[in-house]
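The structure appears below as structure tokens.
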Amino acid sequence: MNRREFIKTAFNLSVLTGAAIAVGKTPLMAVTGKSTVPPLPELVAIKGGEPGAMFEVAIKAIGGMGRFVKKGQTVLVKPNIGWDVAPEFGADTNPDLVYAVIKSAYAAGAKRVSVFDHTCDSWEECYKNSGIEAAVRSAGGVIVPGSRKEYYKEVTVPGGVSLKKAMAHELLINSDVFINVPVLKSHGSAGITAGMKNLMGTVWDRGSWHATDLHQRIADFAAYRKPDLVIVDAYRVMMSHGPKGIQSLADVAMMRTLLLSRDLVAAEAAAVKLFGQEPAQVKYLRLAAEKGLGKIDLSKVRIQRIEL
Amino acid sequence: MKYLKIVRLTVSITVFCLFLWLFLALVPVNTKLANVLTYLQVTPAYIRWAAGIGSGLIGLLVVTGLTLLAGRVYCSSLCPLGTMQDVAIKLKSQKSKIKNKYKKPLNWLRFGIPLLALLAYHFGRKAEPLMVLDPYTEFGRITTEIIKPAAAFVVNAVSYALGQAGISAVRPVTMHFQDPGIVIISAVMLALLLGTAFFRGRLFCNTLCPVGGFLGALSYLSVFKLAMDGDKCNSCGLCGRLCKAECIDTQAKKLDFSKCVSCYNCVNICNRGAISYKTRFFRKKEVNTERRETIKAIFGTAAAAVIYLSFIPKAFAEGAASLIPVIKKNPVIVPPGAGSIQRFREMCTGCGLCVTACPSKVLTPQVHNKRGIIEQFQPAMDYQHSYCSFNCVICSQVCPTGAIKEITVEEKHIKAVGEAKYIKENCVVVTNGKPCVVCDEHCPTKAIMLVRYKNGLQIPYVREHLCIGCGACEKTCPAAPNKAIYVEGHQKHKTAEKPKSIGVKWEETRDFPF
């Protein structure tokens with residue numbers, strides 16, 4: 001393409017875009033174009049309801065599932081299923097929330113919604129006792145093994161400081177849409193854990209992260225594939241003894257909150273705030289923000305707050 | 001009496017298929033099925049009984065009762081290893097020209113082995129002879145170590161292929177870590193069994209099998225016995241050729257009922273109805289020379305057994321020196337429910353049912369520690385490859401011998417099988433200067449707590465009174481080649497304290513904190 005062609009193409013494109021803004025009234029266009037429709041929030045925080053009901057309201061507020069999932073697309077929903085612990089202790093993502101997300105993705109026209117996690121405890125027990133396998137099946141989703149090596153392929157991590165290559169699950173590599181659905185909880189060394197650490201469940205060689213440079217590797221891998229949507233489950237929050245917990249309800253705070261965003265860093269920062277800490281104090285989050293993966297400063301994020 | 005064979009075939013095929021399904025464990029093991037199936041297995045029932053677990057005696061009585069009534073029904077209907085041999089025998093009868101003929105039994109061997117096994121267990125609590133030769137155990141080990149990996153390979157390939165098409169109907173099967181030694185031994189056993197079955201029918205059952213020998217001796221006393229009617233028999237030889245136990249002498253028109261495995265092939269094939277069950281009370285008295293020889297053999301081997309027992313070392317003593325390697329003082333860790341290493345040693349035959357049922361695959365027959373070759377059949381906790389799931393007690397629910405006593409999840413939560421030991425110098429936080437504490441993440445009781453190290457880093461500290469020795473810390477510790485945290489086994493299991501919650505410091509506010 002020589003310079004003339006480039007200018008022509010660029011000109012044509014800008015004309016087209018202008019026309020589209022003039023004609024189009026879709027909310028997505030409204031964000032960039034001059035319109036009376038208020039811009040969509042970058043982060044939706046909702047509290048006071050049941051997981052499924054909160055999700056329905058929040059997803060509408062952020063522009064509807066149709067904004068993220070188009071007809072015929074394959075979708076990966078990645079909850080935290082890391083621990084062989086019952087749902088009421090908040091070690092894994094709420095199964096009702098997972099159910100609602102899958103249903104919503106199918107309603108938006110998804111061809112297939114798959115769910116997996118490379119669990120910490122033995123996978124059969126995690127899938128079963130977290131209640132997530134049953135939730136996925138009843139929502140019509142596909143529950144995929146995450147603890148078998150044949151599903152993992154080597155990928156290059158762009159801009160990786162410590163982590164340059166990783167073995168990633170083929171669903172993370174190949175799915176058209178990636179929805180990260182972590183649970184917020186306490187964490188021994190990282191302070192808290194939510195969406196970014198949830199990505200550790202999409203790689204095979206997770207043990208090496210601990211052996212080398214955990215925080216840097218968490219931040220590095222976040223650049224591999226940005227989620228199309230992050231849904232932080234802060235319905236039941238394990239405030240201490242995380243990430244696995246000691247199966248004690250006394251450790252669980254009923255926050256009844258969800259956070260939705262396309263910005264993994266912003267969602268994580270809001271989650272840290274919910275937990276009563278400062279985002280800048282969480283090292284992997286700071287590193288990710290420095291990499292330009294999202295906004296850590298919530299004052300610069302357009303937030304819609306909803307109470308049910 | 002032709003229906004006898006149909007009944008035998010139906011029962012044996014059903015029992016065999018159920019056993020195969022149980023040990024392949026392609027779906028999580030059904031503990032009820034496990035309990036029902038193993039209830040009538042002679043060796044597990046005997047060990048349960050010897051340990052004073054009530055259900056053992058009932059199982060034992062049922063099988064001995066059946067034998068005293070109608071002979072070794074167990075051998076052809078209930079024994080999974082018997083039916084496994086029958087598969088090879090069936091192949092032969094369709095293809096080969098090899099024919100069975102009557103062979104005199106090696107009485108000193110076939111009665112000697114059960115007697116030796118019984119004496120060794122009864123007086124010395126030595127389970128080794130049973131571990132090697134018990135047919136149920138042998139079937140379990142062969143299935144778990146040889147057949148299951150093959151089945152798992154196929155299932156996992158199918159599961160992956162279907163998964164690519166978006167179908168999650170077939171769940172993959174996780175194999176336990178397989179020690180090459182155990183695999184080789186099991187493969188050799190399988191080859192020997194199928195080989196002898198092909199050429200010599202139920203030779204194993206009538207020479208080496210302790211259960212076969214025991215029931216064979218009992219069947220001298222059976223009320224109903226299969227016998228040949230010399231008047232009806234025309235010595236055509238059909239029954240002898242079909243007899244897999246090699247117990248019919250068609251020339252002498254005699255049937256050695258103590259060798260008979262009650263398959264009823266002869267009853268079915270005889271056109272003249274010359275073989276049928278007869279009550280011993282209506283038979284002519286004759287001097288049974290064979291029985292005399294048998295009694296001689298029994299006493300002979302009993303003497304040999306006593307001599308053998310006086311030479312073998314006393315039963316394994318707790319904390320014996322042979323268990324002490326350089327780093328771990330007690331590398332053998334047995335599952336919660338076993339109570340102590342000693343108790344487990346005495347009661348486990350190594351059938352592998354817990355190994356195949358274990359969802360986390362922490363239970364494996366293993367050789368990493370310097371145990372005797374036969375002791376390696378007995379599973380132990382393999383923290384190199386996995387760790388014990390906090391909420392799981394399935395091994396205690398399926399164990400047929402009671403070596404792993406049934407416990408509840410609540411009991412398990414405080415059952416300490418070992419204790420974590422931390423080696424600070426090996427820890428990656430110290431060697432690497434970066435945060436890790438994956439051990440703290442995985443610890444189910446928070447026996448591991450974090451304490452301050454330099455530069456804002458944290459290192460683990462073990463609170464022994466909370467540790468149950470599940471091995472999660474050891475398995476996940478990324479330090480290499482030596483772990484920074486490992487579990488030292490308890491010879492006798494202890495009771496740990498229940499962890500306490502420190503409570504939640506969180507108050508609901510109307511507003512979001514951002």
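So the values come out like this:
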item	result
Test: residue in region B:127-136 that is aromatic (Phe, Trp, Tyr) and either at pLDDT 95 or above or part of a loop (DSSP other than H, G, I, E, B) (or both)	yes
Given (1) farther than 28 Å from A:Phe89 by Cβ; (2) not in a helix (DSSP H, G or I), number of the condition A:Cys120 does not satisfy	(1)
Where B:Phe177 falls short, out of the listed (1) out of contact with any strand residue (DSSP E or B) (no Cβ under 9 Å at 6 or more places or on another chain); (2) within 30 Å of B:Gly82 (Cα to Cα); (3) surrounded by fewer than 18 Cβ atoms within 10 Å (Cβ to Cβ)	(1)
Per-region count, region B:380-439, residues within 14 Å of another protein chain (Cβ to nearest Cβ) and closer than 30 Å to B:Ile58 by Cβ	7
Index of the failed condition, A:Val136 passing every other in (1) more than 19 Å from B:Pro172 (Cβ to Cβ); (2) hydrophobic (A, V, I, L, M, F, W, C); (3) out of contact with any Pro (no Cβ under 8 Å at 6 or more places or on another chain)	(1)
Residues (assigned to a loop (DSSP other than H, G, I, E, B) and either out of contact with any strand residue (DSSP E or B) (no Cβ under 9 Å at 6 or more places or on another chain) or over 15 Å from B:Gly418 (Cβ atoms) (or both)) located in region B:436-460	B:Cys436, B:Val437, B:Pro444, B:Thr445, B:Lys446, B:Tyr453, B:Leu457
Test: residue in region B:180-201 that is surrounded by 15 or more Cβ atoms within 10 Å (Cβ to Cβ), in contact with a helix residue (DSSP H, G or I) (Cβ under 7 Å, 6 or more places away or on another chain) and of a type in the set (Lys, Arg)	no
Residue identified as crowded, with 24+ Cβ neighbours inside 10 Å, within 14 Å of another protein chain (Cβ to nearest Cβ) and touching a strand residue (DSSP E or B) at 6+ places or on another chain (Cβ under 6 Å) among A:Val85, A:Val136, A:Val98	A:Val136
Single match in B:Tyr160, B:Tyr121 (criterion: assigned to a helix (DSSP H, G or I) and surrounded by fewer than 17 Cβ atoms within 10 Å (Cβ to Cβ))	B:Tyr160
B:Val398 modelled with pLDDT of 95 or more and under 16 Å from B:Ala496 (Cα atoms)	no
Residue identified as at the interface with chain B (Cβ under 10 Å from one of its Cβ atoms) and either in contact with a Lys or Arg (Cβ under 7 Å, 6 or more places away or on another chain) or at pLDDT 95 or above (or both) among A:Val203, A:Val265, A:Val252, A:Val232	A:Val252
Count of residues meeting criterion [among the β-branched types (Val, Ile, Thr) and either touching a residue at least 60 places away in the same chain (Cβ under 8 Å) or in a loop (DSSP other than H, G, I, E, B) (or both)] in region A:143-155	2
Matching option when the condition is within 22 Å of A:Ile59 (Cβ to Cβ), of a type in the set (D, E, K, R) and over 13 Å from the mean Cα position of the chain (by Cα), among A:Arg217, A:Arg236, A:Arg148	A:Arg236
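The values are calculated or read from the model by the stated rules, or taken from the named source; none is laboratory data. Since this is a predicted model, take the numbers as computed values, not measurements. Positions of Cβ are generated from backbone atoms using ideal geometry, with glycine treated the same way; all protein chains shown enter the neighbour counts.
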